[in-house]
Amino acid sequence: MKRGAAWLANTWTPERAADVAAAYRISLGREAPAAALVLAELARYCHALETTFVPGDPCATALNEGRRDVLNHVLELIGLKAEDFAQLTQEVSNA
């Protein structure tokens, strides 16, 4: 079981976990009208495509890594793979 699915299973009842996962897919999946723009913005804010390391500042590094972890959770729940995500952010950046 993937980390995001395990989180849902340990946090919610099975029925509620399925509802939460579905809500992520409906809100941020490929069919959601504004999802690409929101995900591209989150990618920038959460350091999805760059290092989270800040030399000499472990607190800033930890903060950046925490942001990235949240984005990874969202991407997992909506079923977006890294290569798909990179393509999506490129498309939005070129628009």
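The values are calculated or read from the model by the stated rules, or taken from the named source; none is laboratory data. Note that the structure is predicted; figures quoted are calculated from it, not measured. No Cβ is skipped: glycine too gets one built from the backbone with ideal geometry, and neighbour counts run over all protein chains shown. The area values use the complete protein model at the heavy-atom level, side chains included, leaving out ligands, DNA and RNA. Shrake-Rupley method; radii C 1.70, N 1.55, O 1.52, S 1.80 Å.
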Legend entry - segment 70-85, residues that are at pLDDT below 85 and not in a helix (DSSP H, G or I): K81
Inset, instruction - Check L42, L49, L37, L88 and return the single one that is over 24 Å from A9 (Cα atoms), open to solvent by 80 Å² or more (accessible area, probe 1.4 Å), assigned to a helix (DSSP H, G or I) and touching a helix residue (DSSP H, G or I) at 6+ places or on another chain (Cβ under 9 Å). - result: L37
Legend entry - Selection within segment 64-81 - open to solvent by 80 Å² or more (accessible area, probe 1.4 Å) and free of Cβ contacts under 8 Å to residues at least 12 places away in the same chain: K81
Inset, instruction - Could you please find all residues in segment 21-34 being in a helix (DSSP H, G or I), surrounded by 14 or more Cβ atoms within 10 Å (Cβ to Cβ) and among the aliphatic types (A, V, I, L, M)? - result: A21, L28
Inset, instruction - Would you please list the contacts, defined by Cβ atoms under 9 Å and residues six or more apart or on different chains, that run from a residue in segment 42-63 that is within 16 Å of V92 (Cβ to Cβ) to a residue that is part of a loop (DSSP other than H, G, I, E, B) and open to solvent by less than 30 Å² (accessible area, probe 1.4 Å)? - result: C46/T52
